[in-house]
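Q: Take this structure first; my questions come after.
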Amino acid sequence: MQDILTAICDPIRRAALAIVWDGGEHCVCELMARLVASQSRMSRHMKVLREAGLVRDRRDAQWVRYRRNPDLAPEFVAVIDAVLAAESNHERQVA
């Protein structure tokens with residue numbers, strides 16, 4: 001659980017996780033563009049999420065594609081869902 005909490009403590013990683021949490025597969029180039037991050041920075045963030053078991057990756061020629069880990073335990077899915085929902089609600093209140 002500590003790996004997961006460490007992984008989601010960074011706002012860029014939470015934003016990336018929110019993107020891949022939709023169940024689709026997303027290229028690192030898409031994440032870079034949407035989050036305005038360099039390739040090396042985005043790759044480092046995604047490595048942390050992957051090592052925590054939150055996402056899976058797949059190499060596609062020169063790019064890496066990320067998706068939500070379908071084997072993540074339901075209790076961890078619930079934690080991530082709650083964190084992402086709380087952050088989304090907070091952003092709507094601030095805007």
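Q: Could you list, in sequence order, the residues of segment 62-72 that are free of Cβ contacts under 8 Å to residues at least 24 places away in the same chain and within 17 Å of D3 (Cα to Cα)? Explain how you work it out, then say what you get.
A: Restricting attention to segment 62-72, the residues satisfying the condition of being free of Cβ contacts under 8 Å to residues at least 24 places away in the same chain are 62, 69-72.
Residues satisfying the conditions are N69, D71, L72.
Q: Let me ask you something else. In segment 80-95, which residues are surrounded by 15 or more Cβ atoms within 10 Å (Cβ to Cβ) and within 14 Å of M1 (Cβ to Cβ)?
A: Selection gives I80, V83.
Q: A further question on this structure: Could you grab the pairs with beta carbons closer than 6 Å, sequence gap of 6+ or different chains, first residue in segment 45-61 and at positive phi, second one at pLDDT 95 or above and not in a strand (DSSP E or B)?
A: G53/N69
Q: Let me ask something else about it. What is the residue count in segment 56-95 for residues that are hydroxyl-bearing (S, T, Y) and touching a strand residue (DSSP E or B) at 6+ places or on another chain (Cβ under 8 Å)? Give the steps one after another, and end with the answer.
A: First, pick out the residues of segment 56-95 that are hydroxyl-bearing (S, T, Y): 66, 88.
From what is left, the residues that are touching a strand residue (DSSP E or B) at 6+ places or on another chain (Cβ under 8 Å) are 66.
Summing the residues that are hydroxyl-bearing (S, T, Y) and touching a strand residue (DSSP E or B) at 6+ places or on another chain (Cβ under 8 Å) in segment 56-95 gives 1.
Q: Show me the helices (runs of 4 or more DSSP H) found entirely inside segment 1-79 where at least 2 residues are surrounded by 15 or more Cβ atoms within 10 Å (Cβ to Cβ) and of a type in the set (V, I, T).
A: Working: elements: 2-8, 11-20, 28-35, 39-51.
Correct list: 2-8, 11-20.
The values are calculated or read from the model by the stated rules, or taken from the named source; none is laboratory data. What you see is a predicted model, and the numbers here were worked out from it, not measured in a lab. Please note: Cβ atoms are built from the backbone with ideal geometry, for glycine as well, and neighbour counts cover all protein chains shown.
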